[in-house]
Amino acid sequence: MAEATEQPATAKTRKSLTGFYVAVCGVIALGLLGFWLWRAYTVWWFDADEAKRRQAEAAAKLGVPVEKTVDLGDGVKLELLLIPAGRFKMGSPADEKARDEDEMQHWVVITRPFYIGKYEVTQEQWEKVMGTNPCEFKGVKNPVSNVSWNSCQEFGRKLNGLGIDKGQFRLPTEAEWEWACRAGTRTRFCSGAADEVLADYAWFDAAPGGRCHPVGMRKPNAWGLHDMHGNVWEWCEDWYDRGYYAKSPRCDPTGPVAGAERVSRGGAWCHRTWFCRSSQRAADAPTVADDSVGFRLVLVPAEP
Ligand SMILES: [Ca+2]
């Protein structure tokens with residue numbers, strides 16, 4: 001009789017424990033799902049190792065190298081790096097030091113990998129394609145400057161006309177430029193938030209000489225790009241609109257359809273650090289050219 005009453009009690013205990021374990025597993029599963037969703041939809045920044053891994057992954061998928069060199073002739077080379085597709089918050093948070101109101105933070109998705117110049121376009125590259133050198137600060141490895149947005153378009157047309165690559169050269173969109181500049185960071189600069197560290201990565205007005213400097217002398221960002229901050233401003237493809245970020249499409253934004261000024265990014269040798277921030281926007285008429293503004297090229301890989 002004792003066995004007969006003990007067995008149902010044990011079965012009841014087992015059933016109760018099973019229910020407890022199922023409940024615990026359910027809570028853990030929900031927690032893990034919540035954590036995964038939080039990571040997937042809010043965390044967009046990544047470190048240098050992850051940046052390199054993404055570059056290698058994108059290159060493997062496309063069957064192209066991460067680093068690509070284009071021969072412009074007579075020993076003049078144009079070096080490019082593959083930037084993977086990805087998702088990030090463009091612009092700056094409201095509490096960023098020295099930010100401007102036109103930098104409203106918003107989600108952007110870059111849907112296609114693209115090549116971008118490892119360096120700003122140099123004077124020797126400009127001269128090879130255009131046959132002229134408009135710069136005040138002469139030097140074959142110095143970035144070209146004194147080039148208007150319109151003349152950069154002419155440079156692109158001539159370069160594409162040479163037929164040296166199946167892809168098309170153009171200026172970066174503003175979104176491509178910032179994605180390339182940030183390289184996974186969410187701080188004021190690709191080097192972090194501190195002005196003091198920026199001097200290792202950029203030429204700005206604290207740098208000696210009061211002029212631009214040969215490209216590639218400062219540290220690169222996590223993608224391997226040099227001088228995204230400072231040296232010369234870099235023209236982008238987009239028209240400038242102060243309120244554009246509030247209405248920008250999420251995927252591959254290309255800027256307003258019309259405007260009076262074109263965007264430039266990154267600051268220059270003559271400016272204070274805050275002008276070199278990843279999200280800082282500047283604009284000028286497409287006919288304006290001065291010794292602080294140059295550009296770098298994007299090459300969109302040809303469809304296989
Ligand atoms: Ca620059």
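The values are calculated or read from the model by the stated rules, or taken from the named source; none is laboratory data. For clarity, every value in this text was computed on a predicted model and none was experimentally measured. As a convention, Cβ positions derive from the backbone with ideal geometry for all residues, glycine included, and neighbour counts pool all protein chains shown.
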Among the candidates 207, 282, 180, 194, which residue alone is in the same structural domain as residue 85 (by TED's automatic domain parsing), within 14 Å of the ligand (Cβ to nearest atom) and modelled with pLDDT under 95? 207
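A quick yes/no check of all residues on (1) charged (D, E, K, R); (2) in a strand (DSSP E or B); (3) closer than 24 Å to residue 118 by Cβ:
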position: 226; (1), (2), (3): no, no, yes
position: 234; (1), (2), (3): yes, yes, yes
position: 238; (1), (2), (3): yes, yes, yes
position: 245; (1), (2), (3): no, no, no
position: 258; (1), (2), (3): no, no, no
position: 263; (1), (2), (3): no, yes, yes
Using beta carbons and a limit of 8 Å, which pairs, at least six apart or on different chains, have the first residue in region 37-65 and small (Gly, Ala, Ser) and the second one surrounded by fewer than 10 Cβ atoms within 10 Å (Cβ to Cβ)? 63/304
Name the single residue, out of those in region 265-279 being part of a loop (DSSP other than H, G, I, E, B) and within 12 Å of residue 90 (Cβ to Cβ), that is farthest from the chain's Cα centre (by Cα). 279
Need pairs with beta-carbon distance below 6 Å; first residue farther than 19 Å from residue 137 by Cβ and assigned by TED's automatic domain parsing to the domain that holds residue 79 and within region 225-251, second near the ligand (Cβ under 10 Å from one of its atoms) and among the basic types (Lys, Arg); sequence gap 6+ or separate chains. 236/265
Determine which member of the set 267, 259 is touching a strand residue (DSSP E or B) at 6+ places or on another chain (Cβ under 8 Å) and away from the ligand (no atom under 12 Å from the Cβ). 259
Which pairs turn up if I take residues in region 111-138 that are closer than 16 Å to residue 80 by Cα and within 16 Å of the ligand (Cβ to nearest atom) and look for partners that are part of a loop (DSSP other than H, G, I, E, B) and acidic (Asp, Glu) with beta carbon separation below 6 Å, at least 6 apart in sequence or on another chain? 120/227
Which of the strands (runs of 3 or more DSSP E) contained wholly in region 28-133 include at least 1 residues that are over 30 Å from residue 243 (Cβ atoms) and not charged (D, E, K, R)? 67-73, 76-83, 114-117
Being in a loop (DSSP other than H, G, I, E, B) and closer than 17 Å to residue 290 by Cα is the filter; apply it to region 141-159 and report the residue that is farthest from the chain's Cα centre (by Cα). 146
Conditions (1) in the same structural domain as residue 172 (by TED's automatic domain parsing); (2) assigned to a helix (DSSP H, G or I); (3) not aromatic (Phe, Trp, Tyr): number failed by residue 22: (1)
Criterion first (surrounded by fewer than 24 Cβ atoms within 10 Å (Cβ to Cβ), among the hydrophobic types (A, V, I, L, M, F, W, C), within 16 Å of the ligand (Cβ to nearest atom) and not in a strand (DSSP E or B)) does residue 217 satisfy it? yes
In this structure, does residue 273 turn out to be within 16 Å of the ligand (Cβ to nearest atom) and polar (S, T, N, Q)? yes
So the check is Cβ under 6 Å with 6+ separation or different chains; which pairs have a first residue in region 265-286 that's more than 11 Å from residue 230 (Cβ to Cβ) and a second one that's assigned to a loop (DSSP other than H, G, I, E, B) and not polar (S, T, N, Q)? 274/98; 279/91; 283/240; 283/261; 284/261; 285/261
Would you be able to say whether some residue in region 266-288 is more than 23 Å from residue 96 (Cα to Cα) and surrounded by 24 or more Cβ atoms within 10 Å (Cβ to Cβ)? no
Within region 190-201, does at least one residue satisfy the condition of being part of a strand (DSSP E or B) and touching a helix residue (DSSP H, G or I) at 6+ places or on another chain (Cβ under 6 Å)? no
